[in-house]
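Report on the structure given below.
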Amino acid sequence: MNKTFGATERHDQLIVYGKGMKAILIYGYGEENEQGYDWRHEFTHKPDKHEVLQTIVDHVNKLTDEKILTGFTWNNKPVYLSFENQFNYKAAYDLAFQTNGASLPVKFKLGEDEDGKPINHTFRSMDSFTDFYTKVIAHVNTALNDGWTEKDAATEWVETLDI
């Protein structure tokens, strides 16, 4: 899907044109730099409901993954949450918790700054590590729930299409 700026509100629609041989899907709404946008996908044929829904679901999944990976900051530091990093944080946190902090300090590369330089942080106390890890889990859960909500709404909307 392509991000198209100029939208002022959400206006989900499927426009079929060219004697029913093509269609444009317009879906969602967001704002970036004080400009509204929606997502658009052009079909070179008239899609069925399943294809429209699958196009939206695939896109929402991609956006959800991106939000999880790069949408989290902690103490003004960008944190890259790959699956491997999430696993490493959990393993280190679990060990620190089980040992009452005896395994601390532990150092992680959280991400990179705008110049590509590593941003490292050393967790020296359970309080700071708990704050960090709790917020990581909350971020992941919020991203997943937002994605599920959007996919549920898409399912309901697609069912109303007359195609």
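Annotations
- Taking the centroid of alpha carbons for each part, the stretch 45-104 and the stretch 110-133 are 16 Å apart.
- Reachable aspartates and glutamates from residue 62, criterion Cα separation under 17 angstrom, eight or more residues apart if same chain: 38, 51, 146, 150, 152
- On Cα atoms only, tilt of 49-70 relative to the major axis of the chain in degrees: 20 degrees
- To the nearest ten degrees, helix 126-159 and the longest principal axis of the Cα atoms of the chain are 10 degrees apart.
- Cross-link reach is defined here as a Cα-Cα straight distance under 23 Å, omitting same-chain residues fewer than 8 places apart; for residue 19 the lysines meeting it are 46, 49.
- On Cα atoms only, tilt of 83-98 relative to the major axis of the chain in degrees: 40 degrees
- Within straight-line cross-link reach of residue 107, lysines at Cα separation under 27 Å, skipping those fewer than 8 residues along the same chain: 67, 77, 90, 117, 135
- Checking every one of the chymotrypsin sites (Phe, Trp or Tyr not before Pro) in the stretch 1-84 against DSSP loop status and a limit of 16 other Cβ atoms within 10 Å picks out 80.
- Estimated FRET transfer efficiency (residue 2, residue 88; beta-carbon r; R0 30 Å; 0.05): 0.30
- Rounded FRET efficiency, nearest 0.05, which uses the C-beta distance separating residue 10 from residue 135 and R0 of 35 Å: 0.75
Bear in mind these aren't lab numbers, they're just calculated from the coordinates by the rules spelled out. No experiment lies behind these values; they were computed from the predicted model shown. All Cβ positions, glycine included, derive from the backbone under ideal geometry; neighbour counts span all protein chains shown.
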